[in-house]
Amino acid sequence: MFEPENDIERLLMRASAEPAERPAFARALLDAEIVLVLVPEGGDPIIPGTDGNAVIPEGAKMVLPSATRGEERLIPFFTARSRAQAWYRNDHVAVPARTRDLFARYPGAPFVLNPGSDYGKDYTPPPGTVDPSIDMKTPVRDQVNSMDAVQYFTLLCELMKTNPPNAADAPIVAKMAKIGIVPGKDFDASQFNADFAKRIPQVAFDRIMLHFKFSDGDIKNINGWGYTTKTGLYGTNYIQRALVTAIGLGANRPDDAIYPTSLKPVGLLHRSYMGSENYTVTFKKGQTPPVNGFWSLTMYDANYFFVANPINRYSISARQDLKVNADGSTTLYIQNTPPSADKVSNWLPAPKDKFVLMFRLYWPKTTAPTILDGSWVIPEVKKVG
């Protein structure tokens, strides 16, 4: 079983499981200290010294061994000394280096990270037990949303026994004590007006979603797209944290991803997006979302779940073969029924009723034009007809 030994290996594991984590891993890897294997050219033996360090034969030239993939020869480098030792069992010297320096020394060369690692291979888990009381079928969001206030606050108090609040939370902790929520203790329902138990969740959810419109700068609204550059680090901004959690359970930091969301076209008279109508988004020539990773436009239903459709397309992006207009612009077609055959490549299928659109900009560029400072502006969704 692969057990991470350092921060870069923990990032590597997350990146291998979740594409959205890969830009952050790539940036960290460039500045990370990695390990190289050096061996004497010609296979001369390396003699262990009396101090435990290797003694390299006099006049020996040290070289990097190659890893192979088919007929291709690659330069191996490793995230830890143990990874190097597991791969190269013959005499060698493991030396530290910086990834950036390695890449600069061998520009354009093919590299491989941690050859021989058992990560991703078949794994037999240790014996364990399953708690049958935990609902593994109902989506987490549905489980939480079905709670009344007493159930929710009871669970909150239970969780705070092992997840105590920070010192900065002292003001809100003092307020919560007035309704029976005290860190480290069971919820005291006697201090809570049970008449409000069923009403509070809906009122609270409405207040959270209202933060889209009245956010005091947390949410920007550009051309009908609401998005924030304040994700991942919330401090005591509880309403912002709650909004992100209500929509997606969590979100990356803005330097890793931005998630512009649109509920309806621009204009006070326009209603929510409906599958009975057709819409387009057009990027002018050379003005597709500026990212180092990739961008995509995803279709959700009114409850922020994917929409089943006949071509199994839930998002659309530059990774697909998008057709470009004669003037160099690119148009995406958002509708329930298929467009003409020459436009299907650019079609994002919509449901028959209400839907929500969400862009994902992974690893947005940090220099203009960029969405981070507003120098790149996301185009509006236009109703057709």
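From the residues 292, 269, 67, which one has its Cα farthest along the dipole of the chain in the positive direction, the dipole being from +1 and -1 charges on Cβ of Lys/Arg and Asp/Glu about the Cα centre?
Farthest towards the positive end: 269.
Under the Kirkwood approximation for Rh and a Cα-based Rg, what ratio Rg/Rh is obtained for the range 140-201?
0.97
Diagonalise the Cα gyration tensor of the chain and give the resulting equivalent ellipsoid semi-axes, square root of 5 times each eigenvalue, largest first, whole Å. Mind showing how you got there, number by number?
On the way: eigenvalues 434, 225, 75 Å².
Those come to 47, 34, 19 Å.
Summing +1 for each Lys or Arg and -1 for each Asp or Glu, what net charge is found among the other residues whose Cβ lies under 15 Å from the Cβ of residue 286?
My count for the surroundings of residue 286 gives +2.
May I ask you to compute the full-extension gain from residue 318 to residue 203, defined as 0.36 nm times their residue separation minus their alpha-carbon distance, rounded to one decimal in nm?
Gain on extension, residue 318 to residue 203, equals 37.4 nm.
Nearest 5 is fine: what % of DSSP beta bridges in the chain come out antiparallel, could you say?
On the way: 43 of 49 bridges.
Given both bridge residues lie in the chain, the antiparallel proportion sits at roughly 90 percent.
In a shell of Cβ-Cβ distance under 13 Å around residue 266, excluding residue 266 itself, what net charge do Lys and Arg (+1) and Asp and Glu (-1) give? Present the calculation step by step, with values, prior to reporting the outcome.
Working: positive: 264, 271, 382, 383; negative: 380.
Net charge in that neighbourhood comes out at +3.
What does the helix-only formula give at 222 nm for the chain: each DSSP H stretch with n ≥ 4 adding -39500 (n - 2.57), the total divided by the residues, and the result rounded to the nearest 500 deg cm²/dmol?
The per-residue figure over the chain is -6000 deg cm²/dmol.
Rounding to the nearest 20 debye, state how big the charge dipole of the chain is about its Cα centre with +1 on each Lys and Arg Cβ and -1 on each Asp and Glu Cβ.
1500
On the principal axes of its Cα set, how long, how wide and how thick is the range 331-385? Give whole Å, largest value first.
Extents along the principal axes, in whole Å: 39, 26, 22.
Just going by the charge dipole of the range 140-201, with Lys and Arg at +1 and Asp and Glu at -1 on Cβ, which of 150, 184, 201 is farthest out on the positive end?
Among 150, 184, 201, the one farthest towards the positive end of the dipole of the range 140-201 is 201.
Run down the lysines and flag those whose C-alpha is under 17 Å from the C-alpha of residue 175, throwing out any fewer than 8 positions away in its chain.
The qualifying lysines are 185.
Just the Cα atoms of the range 258-384: what Rg and Dmax do they give in Å?
Values for the range 258-384 (Cα only, Rg and Dmax): 14.2, 40 Å.
Rule-based calculations on the coordinates, nothing more; no lab input. All values derive from a computational prediction rather than experimental measurement. Methodologically, a virtual Cβ is constructed for each residue, glycine included, from the backbone with ideal geometry; neighbour enumeration extends over all protein chains shown.
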